[in-house]
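Scroll down for the structure; my scribbles are underneath it.
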């Protein structure tokens, strides 16, 4: 065992040396670590505040009150005051989703009890975007009627929130993206550590070593884990200092990362041993990360998406990883399972990954 | 010319015999396609429980509005106790309650529609808030949206309502494009990007790793012929994967441009493929190792895709990012493709093609310089 541990340490050092000589690869891994964060931020920006032209022909108090309601209509509009001609041009160019015109007689007509017609032009190119918009305008109208106490309004909505504050879409997405970042970064480094041995045909040397090959493989994966942890620290730093999303439970954040990175490194090693080629590794992990991201509760609690999607979500450890990391950062419980259950699931996944990796390595690296 | 064709034929043959390279190129677009499919299921309706505690006719009216709004809610009409369980178990995102005494409260003008919301993030929470507001508006103004604006000398008709506001909606087009179709088409562009970039890049890195660059140096080939041949090879490899994908999407009705827009659509795809292949040639010559080339190719294709407006809408981004995206060639590809497929005219497509072509030529020139240096 002592020889094995010495071999493990030497193998880890050799792998770190390899990575030190592959500076471009390591730099790209660090870039990859922030790539996912950037990409989900871009996606998150599309989720709200539709660019909408505001053609305001009346500037009286009632018109201002209505504009205020449009602005407060649940993050629906990014209002851009402009002329009708500009709005028409920008709509045609696809720069706006809609235009809303507040007509000249708006205030006087409403004050005298008449109903004003509000022209809304919609670029209905995408059913999802304009569906939100079609609900947002009535939403502003109900609030407008309510705050101005118009007679005849008999019903109003009363909201009770489970959480005492709203959380923006990007702060939510960016935290779950950390789990996927760990998956991509650790997966790629774990895989490359193994494929390199096949491509350079040095796998034979591993087999001929006077200690069990498992020690050498473990050493390589340990080195890959260390570099992945550094890349994750970089990504977490960006989330905390760049996005201003600080973890409520820093120890839990570290714990989640400490569980995820070795597990995903093991998964990467499995993929590497099965593929034996470096080429498809980056594409594979990036390609897998995209559907996993959606199907693991990254956008919203996964249970809301129905039984099938929820069941599929359980087929990967990312589901539990996101649950733990969302709790660590925001204090949210985003799965029907409790935090303790998710931690247990993550530990079980880690153990399963380690065992599967050992079995795959035994067959593909040690025995052949 | 024959030298160009020979290099292209050779590169195409190498690409055809590199299943791992093909896999590396097609996996990210496939992943993105799966993402769009799953997202289509999760962005539509939200699960909501409805508890009706008042049997009166007004309560029935509100419950009918909610039950009929199948575009917004996946509804569970249930008891308060069960609704609370569903909320606790995250089976529903909100519980709407039509409280006891609702009809009496309506008669006195002070009725409330009570709802408890799981506001974990504002995306789905706001969807529910908007839907409930619309339901409330429908109750006191069932005629909302039925007014007709006067146009071209014809008199309009304004139907009065309690909110004193009505909406006259003008749609710019006859039908909405479904979310799935809208997002699937950029994925096609990602396929072009990914195969073009990785195709060109991996051919270059392979020459260095296998040492075949030495043979190319000694071959009686002009530098331009070699670069042109490599570009053509990468383009043919891209076409080999993209053409069947376009044909499939056309048969499925996803690619369905308005009459006369096919040339523009194919032009945009071709120009994007040209740019991607040129970028791939440049990357392959600059990075030289397949490990780094594959990772760099995926990263570059991802940034080009997202910053160009694939899966995002540029107009939603902050101004500074909109300015940055002007420097991203794929923006012109995605804009051009959307214009050619979803809009009735081809406004701006010519400019998109010109800019895309300019970027492609610029990248190619850089590729010629770097690749030429490595061949000599």
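Here residue A:142 meets the list (1) surrounded by fewer than 23 Cβ atoms within 10 Å (Cβ to Cβ); (2) more than 33 Å from the chain's Cα centre (by Cα) almost entirely, failing just condition (1).
Of all residues in the range A:145-163, those satisfying the criterion of being over 23 Å from the mean Cα position of the chain (by Cα) and in a loop (DSSP other than H, G, I, E, B) are A:148, A:149, A:150, A:151, A:152, A:153, A:154. When the range B:26-44 is filtered for residues that are at pLDDT 85 or above, over 13 Å from the mean Cα position of the chain (by Cα) and more than 7 Å from chain A (Cβ to nearest Cβ), only B:26 remains.
Screening B:168, B:162, B:154 for residues that are facing another protein chain (nearest Cβ under 7 Å), free of Cβ contacts under 8 Å to residues at least 24 places away in the same chain and in a loop (DSSP other than H, G, I, E, B) leaves exactly one candidate, B:162. For the subset of the range A:315-333 comprising residues that are closer than 21 Å to residue A:261 by Cβ and free of Cβ contacts under 8 Å to residues at least 60 places away in the same chain, which member is surrounded by the fewest Cβ atoms within 10 Å (Cβ to Cβ)? Checking each candidate, the answer is A:315.
Among the residues making up the range B:288-303, those that are buried (at least 23 other Cβ atoms within 10 Å of the Cβ) and within 7 Å of chain A (Cβ to nearest Cβ) are B:290, B:291, B:292, B:294, B:295, B:296, B:298, B:302. Just one of the listed residues (B:307, B:283) is within 23 Å of residue A:33 (Cα to Cα), surrounded by fewer than 24 Cβ atoms within 10 Å (Cβ to Cβ), within 14 Å of chain A (Cβ to nearest Cβ) and in contact with a helix residue (DSSP H, G or I) (Cβ under 6 Å, 6 or more places away or on another chain), and it is B:307. Answer yes or no: is there a residue in the range A:76-93 that is closer than 21 Å to residue B:133 by Cβ and facing chain B (nearest Cβ under 8 Å). There is at least one residue in the range A:76-93 that is closer than 21 Å to residue B:133 by Cβ and facing chain B (nearest Cβ under 8 Å). Put simply, of B:38, B:62 the only residue that is closer than 28 Å to residue A:132 by Cβ, crowded, with 19+ Cβ neighbours inside 10 Å and free of Cβ contacts under 8 Å to residues at least 12 places away in the same chain is B:38.
Across the range B:316-338, the qualifying residues are those that are touching a residue at least 24 places away in the same chain (Cβ under 8 Å) and facing chain A (nearest Cβ under 10 Å), and the one among them that is farthest from residue B:254 (Cα to Cα) is B:335. Let me confirm something: among A:211, A:227, which residue is more than 22 Å from residue A:324 (Cβ to Cβ), part of a helix (DSSP H, G or I) and in contact with a helix residue (DSSP H, G or I) (Cβ under 7 Å, 6 or more places away or on another chain)? Result of the check over A:211, A:227: A:227. Please count how many residues of the range B:57-85 are within 19 Å of residue B:129 (Cα to Cα) and touching a strand residue (DSSP E or B) at 6+ places or on another chain (Cβ under 9 Å). Total meeting the criteria: 13.
Each residue in the range A:100-114 was checked for being facing another protein chain (nearest Cβ under 7 Å) and farther than 23 Å from residue B:139 by Cα, and 0 of them qualify. Return a yes/no flag: does the range B:342-355 have any residue that is farther than 19 Å from residue B:306 by Cα, in a helix (DSSP H, G or I) and within 14 Å of the chain's Cα centre (by Cα). There is at least one residue in the range B:342-355 that is farther than 19 Å from residue B:306 by Cα, in a helix (DSSP H, G or I) and within 14 Å of the chain's Cα centre (by Cα). Flag not set for residue A:18, criterion: more than 10 Å from chain B (Cβ to nearest Cβ), more than 27 Å from residue A:206 (Cα to Cα) and either touching a strand residue (DSSP E or B) at 6+ places or on another chain (Cβ under 9 Å) or surrounded by fewer than 20 Cβ atoms within 10 Å (Cβ to Cβ) (or both). Looking for something within 33 Å of the chain's Cα centre (by Cα), more than 7 Å from chain A (Cβ to nearest Cβ) and surrounded by 23 or more Cβ atoms within 10 Å (Cβ to Cβ) - is there at least one such residue anywhere in the range B:132-140? Yes, some residue in the range B:132-140 is within 33 Å of the chain's Cα centre (by Cα), more than 7 Å from chain A (Cβ to nearest Cβ) and surrounded by 23 or more Cβ atoms within 10 Å (Cβ to Cβ).
When residue A:351 is tested against (1) assigned to a helix (DSSP H, G or I); (2) surrounded by fewer than 23 Cβ atoms within 10 Å (Cβ to Cβ); (3) touching a residue at least 40 places away in the same chain (Cβ under 8 Å), just one condition goes unmet, and that condition is (3).
Report yes if some residue within the range B:99-113 is surrounded by fewer than 24 Cβ atoms within 10 Å (Cβ to Cβ), in a strand (DSSP E or B) and at pLDDT 95 or above; otherwise report no. Yes.
The single condition among (1) touching a helix residue (DSSP H, G or I) at 6+ places or on another chain (Cβ under 8 Å); (2) more than 10 Å from chain B (Cβ to nearest Cβ); (3) more than 30 Å from residue A:214 (Cα to Cα); (4) assigned to a helix (DSSP H, G or I) that residue A:246 does not meet is (4). For the range A:156-182, name all the residues that are in contact with a helix residue (DSSP H, G or I) (Cβ under 6 Å, 6 or more places away or on another chain), at the interface with chain B (Cβ under 7 Å from one of its Cβ atoms) and crowded, with 24+ Cβ neighbours inside 10 Å. The answer is A:169, and nothing else. Quick check on my filter: what residues within the range A:115-144 are at pLDDT 85 or above, out of contact with any strand residue (DSSP E or B) (no Cβ under 6 Å at 6 or more places or on another chain) and at the interface with chain B (Cβ under 7 Å from one of its Cβ atoms)? Selection gives A:135, A:136, A:138, A:139, A:142, A:144. Applying the set (1) out of contact with any strand residue (DSSP E or B) (no Cβ under 8 Å at 6 or more places or on another chain); (2) in contact (Cβ under 8 Å) with a residue 12 or more places away in the chain to residue B:358 leaves exactly one unmet item: (2). The set of residues in the range A:246-273 that are under 17 Å from the mean Cα position of the chain (by Cα) and surrounded by fewer than 20 Cβ atoms within 10 Å (Cβ to Cβ) contains only A:246.
Scan the range A:304-332 for residues that are out of contact with any helix residue (DSSP H, G or I) (no Cβ under 6 Å at 6 or more places or on another chain), within 11 Å of chain B (Cβ to nearest Cβ) and either on the phi > 0 side of the Ramachandran plot or not in a helix (DSSP H, G or I) (or both) and report the count. Summing the residues that are out of contact with any helix residue (DSSP H, G or I) (no Cβ under 6 Å at 6 or more places or on another chain), within 11 Å of chain B (Cβ to nearest Cβ) and either on the phi > 0 side of the Ramachandran plot or not in a helix (DSSP H, G or I) (or both) in the range A:304-332 gives 2.
Examine the range B:77-87 for a residue that is within 8 Å of chain A (Cβ to nearest Cβ) and free of Cβ contacts under 8 Å to residues at least 60 places away in the same chain, and state whether such a residue exists. Taking every residue of the range B:77-87 in turn, at least one turns out to be within 8 Å of chain A (Cβ to nearest Cβ) and free of Cβ contacts under 8 Å to residues at least 60 places away in the same chain.
Just one of the listed residues (B:202, B:221, B:216, B:185) is more than 12 Å from chain A (Cβ to nearest Cβ), in a helix (DSSP H, G or I) and farther than 19 Å from residue A:118 by Cα, namely B:216. The sole residue among B:127, B:123, B:171 that is touching a strand residue (DSSP E or B) at 6+ places or on another chain (Cβ under 6 Å) and surrounded by 19 or more Cβ atoms within 10 Å (Cβ to Cβ) is B:127.
The values are calculated or read from the model by the stated rules, or taken from the named source; none is laboratory data. As the structure is a computational prediction, the values presented were derived from the model and not from experiment. Note: ideal-geometry Cβ built from the backbone for every residue, glycine included; neighbour counts use all protein chains shown.
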